[in-house]
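Structure, as structure tokens:
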Amino acid sequence: MSHAPSVVPVLTIDGPSGSGKGTISALVAERLGWRLLDSGALYRAVGYAAGMAGLDLSDEEAMTRCAHGTKIQFRPTTDDGETRVIVNGHDATDELRTETAGAAASAIASMPSVREALVALQLGFRKAPGLVADGRDMGTVIFPDAAYKVFLTASAAERAKRRYKQLKEKGLSVTLGGLQREIEARDSRDASRAVAPLKPAEDALLVDTTGMGIDEVVAKVLAVVQP
């Protein structure tokens, strides 16, 4: 049985880097039995592909061609339940988690033609029985008609600590102070860009996850869909 996009429910979970969007979105999608869209991974994937091709990240025309030409697949794994991101045939999951990939994604996300190239791809994830869309402009730009909207946030210090722990566990060399400065700089860029700035949708539930456990945040978000 086919479902028109207009009747397929969507839960958007937006917020800045390190607010817990990825973890919470994956858990909520699993609980609901809905599809998952990690929109940030799309921008990171294009940035990664551009870097591998030696392209200039400030060249909007080149980045737009790259966005149209990059093949991105999400593959769930049975070992740990983690979704792997395949970029042009290469498993780039770990590379996409680095701050370098995040900075590249932030840079190209401010380019209107790159965003336009990725909009259709994102809208295509809206299929029955429902979609949990994780990103920065899911509730404001991509799915403004979504029935359920959440905006997660946390202090920059808290987000830096989470990111530090995550990256150190992967054996990467990072500093807590450096991560916090990068996060604050990215927040400023994302909030002040002319195209789709980072901000909560007017009808979104704001959840500050500072000091909250994962289960507590998941429960708050699920209550939006299943009160």
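The values are calculated or read from the model by the stated rules, or taken from the named source; none is laboratory data. From a predicted model like this one, the values you see are computed outputs, not experimental measurements. All Cβ positions, glycine included, derive from the backbone under ideal geometry; neighbour counts span all protein chains shown.
Looking only at residues of the range 105-121 that are modelled with pLDDT of 90 or more and under 15 Å from the mean Cα position of the chain (by Cα), we find that the one that is nearest to LEU172 (Cα to Cα) is ILE108. For the condition without any contact (Cβ under 8 Å) to a residue 40 or more places away in the chain and under 28 Å from MET111 (Cβ atoms), ARG181 qualifies.
Among the residues of the range 210-219, which ones are assigned to a helix (DSSP H, G or I) and surrounded by fewer than 17 Cβ atoms within 10 Å (Cβ to Cβ)?
From the range 210-219, those assigned to a helix (DSSP H, G or I) are 214-219; that's our starting set.
Of everything in the range 210-219, those that are assigned to a helix (DSSP H, G or I) and surrounded by fewer than 17 Cβ atoms within 10 Å (Cβ to Cβ) turn out to be ILE214, ASP215, GLU216, ALA219.
Candidates are the residues of the range 148-189 that are touching a helix residue (DSSP H, G or I) at 6+ places or on another chain (Cβ under 6 Å) and of a type in the set (D, E, K, R); the one that is nearest to VAL218 (Cα to Cα) is LYS149. Looking at this structure, is ARG115 under 24 Å from LEU27 (Cβ atoms) and surrounded by 16 or more Cβ atoms within 10 Å (Cβ to Cβ)? Here the answer is no, as ARG115 does not meet what is asked.
Of these, ALA201, ALA191, ALA154, which one is out of contact with any His (no Cβ under 6 Å at 6 or more places or on another chain), small (Gly, Ala, Ser), under 12 Å from GLY15 (Cα atoms) and modelled with pLDDT under 90? Step through it out loud before you land on a result.
Numbers: ALA201 fails: modelled with pLDDT under 90; ALA154 fails: modelled with pLDDT under 90.
Step by step, each of ALA201, ALA191, ALA154 is checked, and only ALA191 is out of contact with any His (no Cβ under 6 Å at 6 or more places or on another chain), small (Gly, Ala, Ser), under 12 Å from GLY15 (Cα atoms) and modelled with pLDDT under 90.
Selection within the range 131-145: residues that are modelled with pLDDT of 95 or more and surrounded by fewer than 20 Cβ atoms within 10 Å (Cβ to Cβ). The member of this set that is nearest to THR100 (Cα to Cα) is PRO144.
Selection of first residues in the range 154-174 that are over 16 Å from ILE214 (Cβ atoms) and in contact (Cβ under 8 Å) with a residue 24 or more places away in the chain and of second residues that are in a helix (DSSP H, G or I) and of a type in the set (Val, Ile, Thr), restricted to Cβ pairs under 9 Å at least 6 apart or on distinct chains, gives the following pairs, ordered by first then second residue: ALA156/ILE183; ALA160/ILE183.
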